[in-house]
Every structure is written in structure tokens, then in C-alpha cells.
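The values are calculated or read from the model by the stated rules, or taken from the named source; none is laboratory data. If you're wondering where the values come from, they're calculated on a predicted model, not measured in any experiment. Here the Cβ positions follow ideal geometry from the backbone for every residue, glycine too, while neighbour counts run over all protein chains shown. The accessibility values were calculated without ligands, DNA or RNA, using every heavy atom of the protein model including side chains. Shrake-Rupley method; radii C 1.70, N 1.55, O 1.52, S 1.80 Å.
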Amino acid sequence: MTSYDYQLFVIGGGSGGVRAARIAASLGARVAIAENFRYGGTCVIRGCVPKKLLVYAAHFAEDFADAQGFGWTVPAAEFYWPKLIEAKNKEITRLSGLYENNLIGAKVAVMHGAAHLLDAHTVAVNGQQLTAEHILIATGGTPFVPQIPGIEHAITSNEVFDLPQLPQRVLIVGGGYIAVEFAGILNGLGAQVTLCYRGEQVLRGFDDDVRAHLFDEMVKKGIAVLLHQDVARIDKLANGSLSVDVSGAHASSHMVDAVLYATGRVPNTMGLGLAEAGVVLDKAGGVMVDVFGHSSIPSIHAVGDVTNRIALTPVAIREGAALANTLFGPSPVSADLTTVPSAVFSQPPIGTVGLTETQALAQYGEVDIYSSKFRNMRHTLSGRDEHTLIKLVVDSASQRVLGAHMVGADAPEIIQGLAIAIRMGATKADFDATVALHPSAAEEFVTLREKTTRTKNH
């Protein structure tokens, strides 16, 4: 019988890899993990967590202004970017240490350094060769940037969290969730923001009504959104400013202090030796796996963003746990990802679960649409011109709720609860029979009565 140094070697110390390592160790496996940056991965270090902290910070400008409508006299507020970044860094350091300490407490061998495959059972890290019965690739994703003249002057979501000062004029390139989130953050903190996207509307893949509603709200908040346009060139001037040439529907030139590229992410598989080991990758470099996380090589597995499927932290965690139980538990376990809720921490935020109207029509042929657009009760006194959108997509035949979508304050918090109901197969009658919680925005989901029936291709 072959003897290995470890039963499981994990490459990548993000959410998915850490969860797999801890559960595998709890099941009695000898486990090691290697991370070449900081434990916690994209989510903790330069993704979900620091972004949400900055989202909170960006809301205060509107909160101070809104307070006047409720009788508060608020003196002129001042914002200091370095203090926010210092506080953010302190929290990220705490969380990263917690991730590492939890691994050590679970008796996982924790390594710092870049690891890569030598063969199907051997990894190299810090000049040392180690063998493992199973190897897990959990290296996440990395920002994609196109090769255009002057791209070296741009930053990505990796660098924006550590800028020494808040840029006063920012051009954001992209129309996905990272782009619209940072547009809201930087605008809320006082920057002049222009978002440039080559597509016809922001947030491709989301429900069309959600996309249009967020676009309108972003524009009302003072964000300039350029659609059907793309950056052709970036030049750095002697004074440090950036001159950006935009091509497309309306060619233009912009003078800014920073260009932030948020044009998507790609699987972080370069230099890992996967192809050389025989692992099949997709065209974007993602590790192709089955429902259990197994790659084309029986001893090599992958979870999370590196598989180029659903790039969400809770998904990576669920996949990591399932893989550990599959390899070392009593029976194989696959992650059930049939109804995954998601949020966009734009301003206002989005919460969504289930099918969009377009997806539902393609699958079911006929759907009933229930929607409402209203002014949040808070803004009846604040005077702010911000509206909330809620929408239910219902299968006309079975009356099962297929999707729920919301744009407005607390949308992610509200959608989490609805995700349970939708996953359990709740019908529109179940929603109608639920007593409303008043006064709240959430109650709108159980008081919708007017419907529009839509048929495929009509």
C-alpha cells in the first residue's frame, strides 16, 4: 500500500479550501494546506468583507443628510479615507489570523508559500516535495484586465482597498456586480464617478427589471453611466492624472485620478501545473469537475471560483464541506446548488434568488409576474428620491414561485428568508396566506395581487 505524507493537501487558503481542510481533519484525515498570500482568500482579504465595510462607510453621507428630515441637526461631516483603510486593515488582519488559528486548532499542517503540482500525487512548496493521496485545488479567481495601451496605469479590485488616498475622479470599467458596487462606494465617499460598460445595460445575467431599476437609481445618485462604450487607451500625464479615451456609441475623453477595471474574474490556475498533470481545464482555465468536485484525474479535486461555476463564497464553503465528506466521510456528498441566493451590495442593494423572468420563460413557457415599485417609508420624511423594486416570478401552471428579486434597502437581508421558501417549493398561494409584517418593505412580497402573464416569445 502506497504511503503518502498527507491524505489531503489543499492548495489555497480561502473559504472553500479552509472549510475542506478543517472538515477533513475532523474526520480523521492527515491534512496540510498552503497559501501564498494571506489566509482567508479573496472574500476576507480583498473581496466580500472589506467591500461590505466600505459599503457601510459610503452610506453615512446619505444618512447624515436624511437625518435632517427626522429633526436632527447634523454639522458638516468630513471623511478621512486613511482612517477607514486603517480600520479595515485591522479587521482583515484579525479575520485572517482567525482562519489560520482555526486550521491549527483542527490539527491541519499550515504552510505559507506558493504550491504547485509535480504529478497527480506530489506538490512542491517552499522547495519541499510532499505527497498526498488527494490534492484539492482551491485557489479562487483573479481579476481579468484586457491588454490595451496604458493598462499598466489601471487598478483592479485587488488594489483599490489599499489606495493611500481616495481618488477624487474615478473611471470604472465594467458593468458587473464589482463595478456597480465600487461605483456606489466611491460615489458615496465623495468621488466623482463615471462607469463605462460596453454592454447594453449593467448587471448582465440579472433580471432585466432589476438591471433597469438599479441603472436609474445610480444615475439619480450622480454616477455617470456610459453604455455601449469601452476604454481604448489610458495615458498618464506629468501631473499624475490619467487621460482616458473612450470609444463606442459616443467617443469621449476623460481626465481622472484613477481607472478601476472590474471586467470580470478568471480562475486562478496559472503556474499550478494542472494541465501538465493531465487535469482538464475549460477555455477560461477553470478546473472542470463533476458534481462531487472530482477533476479528470481521480486524485485531484477542485472547489470554489477556480472551477469557473458559481463564484460565491457560501458556494465554495458548501462545495469544500461536501468534498471533504465525500473523500473521508461514510458516503459521497454533492453540494445542492439548485437555488442559490445572491446579493449585489450596490446602492441601493440587490437581493435575488431563483430564476429571472427570461430564464423562467425559457424553461416554463408561461409565467405570472408580480411586481411593485414604491418609495420606502423612510424617505417620506427624508425627502430622498429613491425607490424600491420587488418582483416575483411565478410558474403559471403550478403557481410555484420560481424567483424573487428586490432592489432597495435591506434587500439582501430580506431575500435570505425568501430563499428558504422558494427552495422548499412555496407557491404564490403560500405567499398570499402569510400575514404581512407591517410596516416594512418586506411585507410587499406577501401583498402582491396584480399580475401580468407573459408567454415565451410574446
Query raised in the report: Sorted from largest down, what three extents in whole angstroms do the Cα atoms of the chain have along their principal axes?
Result: 72, 65, 45
Query - Loop-exposed GluC sites (Glu not before Pro) per DSSP, neighbour cap 15 Cβ within 10 angstrom, longest uninterrupted part of the chain - result: 277-449
Report summary line: Heads up, the range 326-382 by the C-alpha gyration tensor (a ≥ b ≥ c square roots of eigenvalues; a/c under 1.5 rounded, else a/b over b/c prolate, else oblate) looks oblate
Report task. With the full set of protein chains in place, find how many percent of the accessible area of the chain is carbon and sulfur; take the probe as 1.4 Å. Result -> 54
Query - Calculated Rg and Dmax of the range 178-286 using C-alpha coordinates, Å - result: 17.5, 52
Query raised in the report: When Rg is the radius of gyration of the Cα atoms in the range 2-160 and Rh is its Kirkwood radius, what does Rg/Rh come to?
Result: 1.14
Query raised in the report: Of the listed peptides 48-59, 415-426, what is their order by residue-averaged count of other C-beta atoms within 10 Å, with the highest listed first?
Result: 48-59, 415-426
Report summary line: Measuring from its Cα centre, the chain shows a charge dipole (+1 at each Lys and Arg Cβ, -1 at each Asp and Glu Cβ) which, in debye to the nearest 20, is 320
Report task. Mind checking the per residue accessible area of the chain for me, 1.4 Å probe, whole number of Å²? Result -> 47
